[in-house]
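Visitor: My questions will all concern the structure given below.
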Amino acid sequence: MDLTLVALAVFVFLLLLIVVSSAFTIETAEVGVVQRLGKFYRIAGAGLNFKAPFIDSVAARLSLRIQQLTVQVETKTKDNVFVQIPVSIQYQIISEKVYDAFYRLSEPTRQIESFVYNAILGHVPGMNLDEVFSTQAQIALDVQANLDSSMKQFGYTVVKALITDVVPDAKVKSAMNDINAAQREREATVSRGETEKILAVKKAEAEAESKRLQGEGIANQRRAIIAGLQESVEAFQKAIEGVQASDVMALVLVTQYLDTMKDIGASANSNTILLPHSPGALRDLMSEIREGVLTGQLAADNATSKPSNGAPVPRAT
C-alpha cells in the first residue's frame, strides 16, 4: 500500500513537471524563438504556448515594439571643424523575419551603430559646418534610407532616423557666436546710419522749406512796410502842404526808431544798449536820417537820368 502511494506521488510529480516545462507564455508585442535540441524549431506568438518537455526550449523572446538607439558620431567637416552628431535611430524587428533578426546578427545594436557611422561619414566630411546645420533633415533622411536598405536583409526596419543636434567644439561655437554678434552689430550700424541719413535729409529739406517761407514772409513784410510808408507820406503831404517827401520819410524813420527802442526796453530778455539820447543827439540822428534819405534819392535820380552836358547833379542841402 505504501509503495503504491509513493509511486502515485512520483507519477503526479512527473506529470506536473512535464506540464510546467511544456507550457510557456509570450507577452503581447513579443515573439519567442523555440529551439529543439539546439536547432531552430518555430516562432511562438503572444499568449499561452506549449513545447515538448526536455527537448524544446525558448531560446529568446524578441520585442516587436519600436526601439530607439542613440549613436554619438564624431566627425570632421569640410572646413576642418570637429563636430559631435547625436543620431537617434528608431528601429523595429520585422515580424516575418524574426529568424533573420535573431540568428543573422550577434549584436544588432553594435551593427546598427556601424551602419550609422558609415552613413554619416559619407555625408558630413564633404560639407561645410554651415551646410551641416542647414541640411540636418536631409542628412537624417539619407541615413534612414541607407540604414533601412542595409538592415532589412537582417530582419530589421528603420522607422526613423533623427539628427537631434550638431555640436561643434566649444571654441568653434564661441567663435561662431562672436561672428554672428559682429554681423548683427554691423547690420544694426548700417540701419542706424540709414536712419540718421534719412533724418538729416528730412531736416535739411525742412530747413530749406523754412528758409523759403521765411524769405517769402520777409518779402511780404517789406512790401507791407513800403506800402504803409507810402500811405503815410501821402497822408502827411495832404495834411501839411509844402512838406517834402524826404522830410516825411525822415520823420517816419525816427518814429520807427523810437518805437524799436521802446520795444527793446519793454522786453525782459533784451540786453543793455547804451545810446546817446540827449536832445542834441536826437537832432543829429534826425539830420543823419534826413541826409541818408536825400542821398538815396539823389543816387536814384542819377541812376535814371543824367544832364545832357555831363555836368554833375547839384547836391541838395
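Visitor: Being part of a strand (DSSP E or B) and either aromatic (Phe, Trp, Tyr) or in contact with a Cys (Cβ under 6 Å, 6 or more places away or on another chain) (or both) is the filter here; which residues of region 39-64 pass it?
Guide: Just the residues of region 39-64 that are part of a strand (DSSP E or B), to begin with: 39-44, 47-50, 56-63.
Matches in region 39-64: 40, 41, 50.
Visitor: Next question, about the same structure. Looking at region 1-28, which of the residues that are part of a strand (DSSP E or B) and of a type outside the set (Gly, Ala, Ser) is farthest from the chain's Cα centre (by Cα)? Walk me through how you get there before you give the answer.
Guide: Taking region 1-28 and keeping what is part of a strand (DSSP E or B), we get 23-26.
Of the ones still in play, those that are also of a type outside the set (Gly, Ala, Ser) are 24-26.
Details: 24: 63, 25: 60, 26: 57 Å.
Step by step, filter region 1-28, then rank; the result is 24.
Visitor: Every residue in region 84-133 that is among the basic types (Lys, Arg) and under 18 Å from residue 73 (Cα atoms), please.
Guide: Residue satisfying the conditions is 110 alone.
Visitor: Considering only residues that are surrounded by fewer than 20 Cβ atoms within 10 Å (Cβ to Cβ) and among the hydroxyl-bearing types (Ser, Thr, Tyr), which ones fall in region 76-93?
Guide: The answer is 88, and nothing else.
Visitor: Let me ask something else. Within the bounds of region 22-39, is there any residue that is among the charged types (D, E, K, R) and under 30 Å from residue 168 (Cβ atoms)?
Guide: Initially, region 22-39 is screened for residues among the charged types (D, E, K, R), giving 27, 30, 36, 39.
So of that shortlist, the ones also under 30 Å from residue 168 (Cβ atoms) come out as none.
Within region 22-39 (the criterion being among the charged types (D, E, K, R) and under 30 Å from residue 168 (Cβ atoms)), the answer is no, since none of the residues qualifies.
Visitor: Looking at (1) within 60 Å of the chain's Cα centre (by Cα); (2) among the aliphatic types (A, V, I, L, M); (3) at pLDDT 70 or above, can you tell me which one residue 268 breaks?
Guide: Status for residue 268: all satisfied but (3).
Visitor: Can you find even one residue in region 71-78 that is outside any strand (DSSP E or B), of a type in the set (Asp, Glu) and out of contact with any Lys or Arg (no Cβ under 9 Å at 6 or more places or on another chain)?
Guide: Keep residues of region 71-78 that are outside any strand (DSSP E or B), which gives 77-78.
Add one more test, that the residue is of a type in the set (Asp, Glu), and what stays is none.
No, region 71-78 has no match at all.
Visitor: Among the candidates 107, 131, 96, which residue alone is surrounded by fewer than 18 Cβ atoms within 10 Å (Cβ to Cβ) and within 29 Å of the chain's Cα centre (by Cα)? Full working, then the answer.
Guide: Numbers: 107 fails: within 29 Å of the chain's Cα centre (by Cα); 96 fails: within 29 Å of the chain's Cα centre (by Cα).
Residue meeting the stated conditions: 131.
Yes or no, residue by residue, for (1) modelled with pLDDT of 90 or more; (2) among the acidic types (Asp, Glu):
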| site | (1), (2) |
| --- | --- |
| 59 | yes, no |
| 67 | yes, no |
| 74 | no, yes |
| 79 | no, yes |
| 83 | no, no |
| 86 | yes, no |
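The values are calculated or read from the model by the stated rules, or taken from the named source; none is laboratory data. Fair warning: this is a prediction, and the values are worked out from it, not measured in the lab. Methodologically, a virtual Cβ is constructed for each residue, glycine included, from the backbone with ideal geometry; neighbour enumeration extends over all protein chains shown.
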